[in-house]
1. Taking 0.36 nm per residue of sequence separation and subtracting the Cα-Cα distance, how much length would be gained by fully extending the chain between Phe27 and Asn181, in nm to one decimal?
2. May I ask which residue of Tyr58, His26, Ile46 lies farthest towards the positive end of the charge dipole of segment 12-64, with charges of +1 (Lys, Arg) and -1 (Asp, Glu) on Cβ and the Cα centre as origin?
3. Quick check: residue separation of Glu206 and Lys103 times 0.36 nm, minus the Cα distance between them. What number comes out in nm?
4. Mind sorting Val17, Val193 by how few other Cβ atoms lie within 10 Å of their own Cβ, fewest first?
5. Going by how many other Cβ atoms sit within 10 Å of their own, how do Lys152, Lys269, Lys63 line up, fewest first?
6. Can you tell me the order of 144-150, 205-211 when each peptide is scored by its average per-residue count of other Cβ atoms within 10 angstrom, highest first?
7. Taking the Cα-to-Cβ direction at Asp222 and at Ser54 and moving 7 Å from each Cα, how far apart do the two end points lie in nm?
8. Need the full-extension length gain, Ile194 to Lys171, defined as separation in residues times 0.36 nm minus the C-alpha distance. One decimal, nm.
Amino acid sequence: MNENSLYNSPYNDNEYVWLLENIAKHFQLDLRGYKQHRVRRRIDMIMRKYSYNSYKDYFNDLKKDSKLWDEFLDKLTINVTEFFRNPEKWNYLKKEILPRILKESGSKTKIWSAGCSTGEEPYTHAILLEELNAPKTVKVLATDLDKFVIEKAKKGIYTERSLVNVSEDLKKKYFRKSDNNNYEILSFVKNRVIFKQHNLLMDPFESNVDLISCRNVVIYFDMEAKNNLYKNFVKSLRVGGVLFVGSTERIFNYKSLGLEVIEPFFYQKVKE
Ligand SMILES: C[S@@+](CC[C@H](N)C(=O)[O-])C[C@H]1O[C@@H](n2cnc3c(N)ncnc32)[C@H](O)[C@@H]1O
């Protein structure tokens, strides 16, 4: 089934194509690699809220009103996340992957949390680095398209809900209670993480990375965007480096990309 047929928009189809082209040109945000029924439903929702009748009118206002643009970006991305999401996978990472990687790359180890949302994922990496006594120079690069989630991530303040998978012991070691019974991640853990705004579909990637986690991000991408992304991740990894994906995600063509499965949801780069 054509994915666009999953959603019937009340607005004009040609103008929708025009809108995406102009958003790419004007804002350097190319949404054409995303699943279109989802993107369009969300854009239409905002337009209805403000009673726009056409994509052209909406676009003209998007150019003028930065608040409207911020709302657009925020509504187009879903930021649900938590610490140690799928705990058994993080257990495996801690026991089997991180010790090897740290042994091989030492203080030069590079970890990248791609699509980090509000920071729970990169801080989980940072906690594991602390648990494994990794050198302080080992940092986690944490990137996301959405600048609001990055601002929130930098603050490092979380509700109890985000910490459901965090043991009491780890809570004591790496968090302090802040206002309203929230938890704030301690500064030595924060210092391990470097946050940056970055679009996985457009911006350049780092090289020689030891570990990339990209989890629950590609679900919004169409096949072509997903395949290109995986190719770029493989380029970005060093040989022996690992790509850690979400627990509903599989890379079917992993062999032709030069990857091996070392455990479900963990792919290792085996050749250049
Ligand atoms: C559901 S969250 C996943 C958070 C975390 N990785 C996890 O698994 O818990 C998806 C994140 O992907 C980000 N995202 C979506 N498209 C992106 C893109 N093109 N480049 C970078 N990040 C993107 C969203 O802003 C959102 O924060």
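1. Numbers: separation 154, 0.36 × 154 = 55.44 nm, distance 3.89 nm.
51.5 nm is the gain from fully extending Phe27 to Asn181.
2. Going by the Cα projections, it comes out as Ile46.
3. Numbers: separation 103, 0.36 × 103 = 37.08 nm, distance 2.09 nm.
Result: 35.0 nm gained on full extension.
4. Working: Val17 13, Val193 24.
Placing the least packed residue first, the sequence is Val17, Val193.
5. On the way: Lys152 16, Lys269 22, Lys63 13.
Fewest-to-most Cβ neighbours within 10 Å comes out as Lys63, Lys152, Lys269.
6. Working: 144-150: 19.9, 205-211: 17.4.
Highest mean packing first, the order is 144-150, 205-211.
7. Taking the two extended label points, one gets 2.5 nm.
8. On the way: separation 23, 0.36 × 23 = 8.28 nm, distance 2.15 nm.
Between Ile194 and Lys171, full extension yields 6.1 nm more.
The numbers here are math on the coordinates, done by the rules we state, and not lab data. Fair warning: this is a prediction, and the values are worked out from it, not measured in the lab. For neighbour counting, all protein chains shown are included, and Cβ atoms are generated from backbone atoms with ideal geometry for every residue, glycine included.
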